[in-house]
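In what follows, a single structure is set out as structure tokens and then discussed.
The values are calculated or read from the model by the stated rules, or taken from the named source; none is laboratory data. These numbers were taken from a predicted model, which means no experiment stands behind them. Please note: Cβ atoms are built from the backbone with ideal geometry, for glycine as well, and neighbour counts cover all protein chains shown. SASA here: full protein model, heavy atoms, side chains in, ligands and nucleic acids out. Shrake-Rupley method; radii C 1.70, N 1.55, O 1.52, S 1.80 Å.
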Amino acid sequence: MIDAKKIRKDFPILDQIVNDEPLVYLDNAATTQKPTAVLDTIRYYYEHDNANVHRGVHTLAERATHDYEASREKLRKFINASSTKEVLFTRGTTTGLNWVAKYAEQILKEGEEIVISIMEHHSNIIPWQQAAAKTGAVLKFVYLDENQELDMQGLKEAITDKTKFVSITHASNVLGVLNPVKEIAEIAHEHGAIMVVDGAQSTPHMKIDVQDLNCDFFTLSGHKMVGPTGIGVLYGKEKYLNDMNPIEFGGEMIDFVYEQSATWKELPWKFEAGTPNIAGAIGLGAAVDYLEELGMDEIHAYETELVNYVMPKLKEIEGLVIYGPDDISKRSGVISFNLDNLHPHDVATAMDMEGVAVRAGHHCAQPLIEYLDVPATARASFYFYNTKEDCDKLVDALIKTKEFFNGTL
Ligand code: PMP
């Protein structure tokens, strides 16, 4: 059982006053706060073990290398990859998706197809646009059904024998909908396509098993799962990573360098050119330890409980439009909304005056915002350290915001 009140003691940042009100942090889809265990691990690394990895034979270099690689093993276990060869450290999801799209540029032929959805984050759209433009491949979109879920019928029609890549988000950062990526992987594979999953918004909130999902690539961002910024993972099946050219070249990723050519290290180091984000990787390992201690299934169940609690209260607010499916079992802890005809930036600013941190804007999903035919949305997003009191504060702040703009406050 998650005891959020107890857990909050691990997150000193949450205990502060903003605009004369206790902070209610509901912008977890943008980034999450870090527990002291993660902060202490990073500090300890710099105070005791800081050295470059894979190079030195001295004690500090050995310790740094050991901890860096131990962290890779933690990440492997966390997502259930079959080998650490399949776990590449990246800067985050954006880097991971760019790397996969580079692979697409390597193998796509003119007229072949890439299938993505309208609810993708820009980082799962633009790299594919680039790959399509460079290779003459066709970028196809799948849209939403009447419940604002992914249109599975449309998806089945969009994927053909010409499809080489299908890249879909596991959880939408705007609609809050969870997509059936395991089923989509099956459909992709029936047509011989490579299945890519953007796991930025799912990995922090539920148990991930890349072998069970049977995806070919999977990306995650450390900062969205109580880890540091600037570190993430790209999982890829070994057979694809072996076929894939390195994206960056330089130190650390080579075996031998001659005047006119070079050979690469084996996986996963072939992809990790230059001095990596060692402290970030070790910090991410500590984040994984922290999450596993709480339990991913418990985290998911607790967040569902929060959404179950807050949704009926939100629905009572007249003029509040909530995006995404009604069926809470298909939702994560992301709730996007618009209030009356107020601009979401005004709503978010007014809520900040109440100490409630929500995000407003296009959430790096402009094609979706255009499709929904709204200027932008406001978004509240929960994590396991949020409480039912935070939910009440969200509802109160929305009611006050409405009254304020209606001139009744
Ligand atoms: N995909 C989704 C669904 C996201 O929500 C985000 C972050 N907002 C990203 C990709 C990009 O992640 P990052 O900025 O950590 O690279």
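The residues on offer are E186, E149, and the sole one that is free of Cβ contacts under 8 Å to residues at least 60 places away in the same chain and over 18 Å from S221 (Cα atoms) is E186. For K34, the stated conditions hold: it is closer than 30 Å to F217 by Cα and of a type in the set (K, R). Residue count for the range 302-319 under the criterion of being touching a residue at least 24 places away in the same chain (Cβ under 8 Å) and closer than 13 Å to I2 by Cα: the result is 4. State the number of residues belonging to the range 188-223 that are over 17 Å from the mean Cα position of the chain (by Cα) and either closer than 19 Å to P325 by Cα or open to solvent by 20 Å² or more (accessible area, probe 1.4 Å) (or both). The qualifying residues number 7. Scanning the range 1-39 for residues that are in contact (Cβ under 8 Å) with a residue 60 or more places away in the chain, in a helix (DSSP H, G or I) and over 24 Å from the mean Cα position of the chain (by Cα) returns a single hit, K5. Checking E293, E318, E272 one by one, the residue that is surrounded by 15 or more Cβ atoms within 10 Å (Cβ to Cβ) and charged (D, E, K, R) is E272 and no other. Quick one: which helices (runs of 4 or more DSSP H) lie wholly within the range 64-164 and hold at least 2 residues that are within 16 Å of the ligand (Cβ to nearest atom) and surrounded by fewer than 18 Cβ atoms within 10 Å (Cβ to Cβ)? Counting at least 2 such residues, we get 126-135. Just one of the listed residues (A193, A188) is touching a Phe, Trp or Tyr at 6+ places or on another chain (Cβ under 7 Å) and more than 12 Å from the ligand (Cβ to nearest atom), namely A193. Looking across the range 361-409, the residues that are aliphatic (A, V, I, L, M) and either open to solvent by less than 20 Å² (accessible area, probe 1.4 Å) or closer than 16 Å to E316 by Cβ (or both) come down to A365, L368, I369, A376, A378, A380, L394, V395, A397, L398, I399.
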